[in-house]
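The values are calculated or read from the model by the stated rules, or taken from the named source; none is laboratory data. In this text the structure is predicted, and so the values were computed from the model without any measurement. Cβ: placed from backbone, ideal geometry, glycine included. Neighbour counts: every protein chain shown.
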Amino acid sequence: MPGTCVIGLQWGDEAKGKLVDILTEDHDLVVRYQGGANAGHTVVSGGQTWKLSLIPSGILRDGITCIVTGGVVLDPASVIREMDGLESRGVKIGSKLLLSDRAHVVFPWHIAEDKVLDGSVSGGEAIGTTGRGIGPCYRDKVGRSLAIRLGDLYRDDFRAKLEHIVAVKRRLLAGWQQSGPAGGTPDAAELDAAAIHRQYMAYAERLRPHVADTTAVLLDGVEAGKRLLFEGAQGALLDIDHGTFPYVTSSNSSGVGVASGSGVPGRWVDRVIGVVKAYSTRVGGGPLPTEQINAFGEHMRERGREYGTVTMRPRRCGWFDAVAARYTARLSGVDELAVMLLDVLSELKEVRICSAYTIGGKRVTQFPSHVDDLRQAEPIYETLPGWSEDLTTVRSYEALPANARAYLDRISELLGRPVTIVSVGPDREQTIFRAPSVAPRHPAPRHPLPTPAKA
Ligand code: IMP
């Protein structure tokens, strides 16, 4: 049956975009089901580099339908910018792009709120959001009374709804601006309902041909035997419920989000690929236990070009954290692993993997549920010999240096899943596929028969 799902197992930026682009060939529908314009992915295709945010990279191919579901928060200006960018480079979008009428819409006040409220978490470290209004839009979705969905833009009461919300938001923003660190935030008085209405009506007209009940489209697709590719955005450690709260994004970015975000029951996903970088990165606030704030961290950042696609912020870099990735692999029901950017670790004398933490003097292999415990975690490293060879021209697993294979084998062992895909550069060709060896979902019987009592 039809579904494949690609999930980042770290803090985002695992180079999922390249993998999704390759896997798209074997699917009919590519589905973006959570997050918003906070995500960014770079795809190198046909000798050209494409930077996309909300629109799945499947848009570059014919015969693929790209679906942005109701689990996404949608900034129309951002989608239109992306569409214009694609069309100006000769990509025909036509009916290839569908946007859910259930998707909640990002408005200017969401972006203003993101700036006002991200100053700090209860007086502590800032979350360091992308500033795209993602959290505030999800907050209004859950709160319901101040929310507008894409389908609402086409209803007669849109203007009245908007005027009511703008009046409330002006009061809220003015209050927050007085009490919070509002540096650089547009003045609440700048929220002008008439101007916003005009602007969003223009967006609505432009997007009209693409707006659909995508849940119905997807469920019809499942019944018609179409193959679905679910493209997770961000990484599982940024999951609102299961990540390093509060230093997370506002959606379910682990595998648990597929069903709620898309409306397609999880039982239709029969292949879950967990994507990891060969090391760790994180952008924004929150703990990164294996972080290297030293020359080595700088080396990884430069070699891996670790700067944010959306915000261009330098990413924090560190060694591979197997405690964290094992947790998210289990959480997302991962069958197999794709290890990306392995080439970045070449030319190191030795490489390290964090296989446990010390927290409060105790050795721990379970990822902590509270961020304060994670802050205290001291990584326990395994050190493996490095490799000097350039990997960017290697095209088979067997041709990888023995030490690089040993490194991958150890990751596989610690995460309990086979490594089936290895990436050694940004190009499609720089991808090594091992024979698929999908681990059984239930290696042991779930309800074993009781051992017969001895006579
Ligand atoms: P928000 O999603 O803009 O609210 O940001 C919340 C946190 O998630 C911040 O630490 C961001 O840096 C991080 N984040 C959001 N989207 C991405 C992404 O696509 N890659 C990596 N980090 C992200």
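For (1) within 30 Å of residue 271 (Cβ to Cβ); (2) charged (D, E, K, R); (3) within 16 Å of the ligand (Cβ to nearest atom), each residue gets a yes or a no:
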{"site": "309", "(1), (2), (3)": "yes, no, yes"}
{"site": "313", "(1), (2), (3)": "no, yes, yes"}
{"site": "340", "(1), (2), (3)": "yes, no, yes"}
{"site": "351", "(1), (2), (3)": "yes, no, no"}
{"site": "361", "(1), (2), (3)": "no, no, no"}
{"site": "372", "(1), (2), (3)": "no, yes, no"}
{"site": "375", "(1), (2), (3)": "no, yes, yes"}
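In this entry, residue 70 passes the filter for residues that are under 24 Å from the mean Cα position of the chain (by Cα) and either within 20 Å of residue 55 (Cβ to Cβ) or β-branched (Val, Ile, Thr) (or both). Checked against (1) farther than 21 Å from residue 332 by Cα; (2) part of a strand (DSSP E or B); (3) not charged (D, E, K, R), residue 79 meets all criteria but (2). Looking across region 292-317 at every residue that is of a type in the set (A, V, I, L, M) and surrounded by 14 or more Cβ atoms within 10 Å (Cβ to Cβ), the one that is nearest to residue 234 (Cα to Cα) is identified as 310. Checked against the criteria, residue 233 counts as of a type in the set (A, V, I, L, M) and within 16 Å of the ligand (Cβ to nearest atom).
Taking the criterion of being out of contact with any helix residue (DSSP H, G or I) (no Cβ under 6 Å at 6 or more places or on another chain), of a type in the set (Ser, Thr, Tyr), farther than 12 Å from residue 74 by Cα and more than 14 Å from the ligand (Cβ to nearest atom), would at least one residue in region 111-124 satisfy it? Yes, region 111-124 contains at least one residue that is out of contact with any helix residue (DSSP H, G or I) (no Cβ under 6 Å at 6 or more places or on another chain), of a type in the set (Ser, Thr, Tyr), farther than 12 Å from residue 74 by Cα and more than 14 Å from the ligand (Cβ to nearest atom).
Report, by residue number, each residue of region 145-177 that is part of a loop (DSSP other than H, G, I, E, B) and either over 29 Å from the mean Cα position of the chain (by Cα) or surrounded by fewer than 16 Cβ atoms within 10 Å (Cβ to Cβ) (or both).
Restricting attention to region 145-177, the residues satisfying the condition of being part of a loop (DSSP other than H, G, I, E, B) are 145-148, 155-157.
Passing the criteria: 145, 155, 156, 157.
Scanning region 318-345 for residues that are in a strand (DSSP E or B) and either out of contact with any helix residue (DSSP H, G or I) (no Cβ under 8 Å at 6 or more places or on another chain) or over 20 Å from residue 236 (Cα atoms) (or both) yields a total of 2. Only residues that are assigned to a loop (DSSP other than H, G, I, E, B) and buried (at least 24 other Cβ atoms within 10 Å of the Cβ) were counted across region 38-59, and they come to 5. Could you grab me the full set of residues in region 60-76 that are surrounded by fewer than 24 Cβ atoms within 10 Å (Cβ to Cβ) and not in a strand (DSSP E or B)? Once the filter is applied, which keeps residues that are surrounded by fewer than 24 Cβ atoms within 10 Å (Cβ to Cβ) and not in a strand (DSSP E or B), region 60-76 yields 60, 61, 62, 63, 64, 76. Comparison of 217, 276, 258 shows that the only residue that is more than 15 Å from the ligand (Cβ to nearest atom), among the β-branched types (Val, Ile, Thr) and either in a strand (DSSP E or B) or more than 13 Å from the chain's Cα centre (by Cα) (or both) is 217. All conditions in (1) of a type in the set (S, T, N, Q); (2) assigned to a loop (DSSP other than H, G, I, E, B); (3) away from the ligand (no atom under 16 Å from the Cβ) hold for residue 95, with the sole exception of (2).
Which one of 102, 132 is within 16 Å of the ligand (Cβ to nearest atom) and in a loop (DSSP other than H, G, I, E, B)?
Working: 102 fails: within 16 Å of the ligand (Cβ to nearest atom).
Being within 16 Å of the ligand (Cβ to nearest atom) and in a loop (DSSP other than H, G, I, E, B) holds for just one of 102, 132, which is 132.
Under 25 Å from residue 126 (Cα atoms), of a type in the set (Ser, Thr, Tyr) and more than 24 Å from the chain's Cα centre (by Cα): does that describe residue 357?
Working: under 25 Å from residue 126 (Cα atoms): yes; of a type in the set (Ser, Thr, Tyr): yes; more than 24 Å from the chain's Cα centre (by Cα): yes.
Spelling it out, residue 357 is indeed under 25 Å from residue 126 (Cα atoms), of a type in the set (Ser, Thr, Tyr) and more than 24 Å from the chain's Cα centre (by Cα).
Considering only residues in region 2-45 that are touching a helix residue (DSSP H, G or I) at 6+ places or on another chain (Cβ under 8 Å) and on the phi > 0 side of the Ramachandran plot, the one that is nearest to the ligand (Cβ to nearest atom) turns out to be 12. The set of residues in region 52-86 that are at pLDDT below 95 and of a type in the set (S, T, N, Q) comprises 53, 57.
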